Amino acid sequence: MTTGNRPLSPHLQVYKPQITSVLSIFHRFTGVGLAVGALMLAYWLNAAAYGPEAFERTQAFLTHWFGKLLLFGWTWALLYHLCNGIRHMFWDAGRGLEMPQVRASGWFVYIASVVLTLLAWTAGYGMLGGSY
Amino acid sequence: MSLRSDLGRVRGLGSANEGTSHWWAQRVTAIALIPLSLWFIYSAVTLVGIDRAGFKVWLNAPGSILLMTLFVIALFYHMQLGLQVVIEDYVHNERNKIVSLVLNKLVAIFFAVSSIIALIKVAFGG
């Protein structure tokens, strides 16, 4: 196929951010971030298989403030990617494709992901009686 | 020289030359991951700061190892499919693209299998 010197479409930076484009970018960003999270999960499981000391060290890292920051980020990324993935499936079924609906579902997904993340972390702290 | 038109050659294939199978697998793993991820987050919340002995007890509770194994399979499969699209979008050099795609598959399988073996070791080992 001839692709020669055709003009290229301008890239992301020339467009004004909109809820639709920003959430689309979030979907890919969270997906890549969750891939790193999946590697952390594999590391965590392998540490448990390796022995109690290795598991303790991994747990110590994850309960350190930096580890908790990562876990908080992964919690939101997972819940956002999950909620927005459901939004994608509605589109796949041909539903909710009018622009006002797309914007509304976008805000709904964004708010739902934040609320669910805060709920999960409140529950997590509740489990410990606030000891961490 | 082929007599097929450009359109005929690419119809139904897409950038990775594999048609809709990728799209379909991504949706199937996504559907599986909805309940599995929610279960995993719920479990992770209950496992905050746990020691290895506690983790082993949890893993031996009914359903834990089954759901963890299913979660790991669906997660790494879905991860591989998603990263494949990212590679196809941004890696334009043909050689680098193929190397990245192969590495992506091998790394995903490595981490999935090692996770499952780790789960079995913890659940049934000492």
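Annotations for the structure displayed:
- The residues on offer are A:69, A:8, and the sole one that is more than 10 Å from chain B (Cβ to nearest Cβ), of a type in the set (A, V, I, L, M, F, W, C), surrounded by fewer than 17 Cβ atoms within 10 Å (Cβ to Cβ) and not in a helix (DSSP H, G or I) is A:8.
- Taken together, the residues in the stretch B:88-104 that are exposed (fewer than 14 other Cβ atoms within 10 Å of the Cβ) and either within 11 Å of chain A (Cβ to nearest Cβ) or within 13 Å of the chain's Cα centre (by Cα) (or both) amount to 2.
- Taking the listed residues A:102, A:109, the one that is surrounded by 14 or more Cβ atoms within 10 Å (Cβ to Cβ), over 19 Å from residue B:34 (Cα atoms), more than 11 Å from chain B (Cβ to nearest Cβ) and among the aliphatic types (A, V, I, L, M) is A:102, with no other qualifying.
- With respect to being within 12 Å of another protein chain (Cβ to nearest Cβ), touching a Ser or Thr at 6+ places or on another chain (Cβ under 7 Å) and over 19 Å from residue A:28 (Cβ atoms), residue B:116 fits the description.
- When the test is whether a residue is more than 8 Å from every other protein chain (Cβ to nearest Cβ), in contact with a Ser or Thr (Cβ under 9 Å, 6 or more places away or on another chain) and more than 24 Å from residue A:31 (Cβ to Cβ), residue B:64 passes it.
Yes or no, residue by residue, for (1) within 21 Å of residue B:32 (Cα to Cα); (2) in contact (Cβ under 8 Å) with a residue 12 or more places away in the chain:
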site	(1), (2)
B:72	yes, yes
B:88	no, yes
B:93	no, no
B:122	no, yes
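Only the coordinates and a few stated rules stand behind these numbers; no lab work does. Here the structure is a predicted model, which means the values were calculated and not measured. Glycine also receives a Cβ, built like all others from the backbone with ideal geometry; neighbour counts cover every protein chain displayed.
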